[in-house]
Amino acid sequence: MNRTIISTEKAPAAVGPYSQAVKTEQFVFTSGQIGINPLTGQLRMGIEEQTHQVIANLSAVLSAAGSGMERIVKTTIFLTDIAEFSTVNAIYAGAFAGEPPARSTVQVAALPLGALVEIEAVALTS
């Protein structure tokens, strides 16, 4: 199986020893995206701003892989506070026209750099 490492300056650089995404013949597997603005390198403030940025970062990585948000088949959302579920859910819903992908949402003790939300995805290649 062939695999291609995906990297774009339109999303934040990895904060550890991993790739933004890996593309195979059928799928794109993204690393978790947090709410870092790729232009400033700074984490956005607040759950709403971070969630919007996470979705923008995810979209940028998928685009660099030749895929897109409409091709996502599964996401996992990590929240540091499950009480923010409805806020994140409302913003997330706006990212998917029509039929949304399968999804899991879990609360975690902490996320890198103090992020409040992280989303990873598996998408079909185009």
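Taken together, the values in this text are just the output of simple stated rules run on the coordinates, not laboratory data. Since the model is a prediction, treat every value here as computed from it, not as a measurement.
Quick look at the values:
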| item | result |
| --- | --- |
| With Cα atoms, 0 to 90° folded angle of helix 47-64 axis to the chain main axis | 0 |
| Length-normalised contact order of the stretch 1-55 in % [C-alpha pairs under 8 Å, at least 6 apart] | 28 |
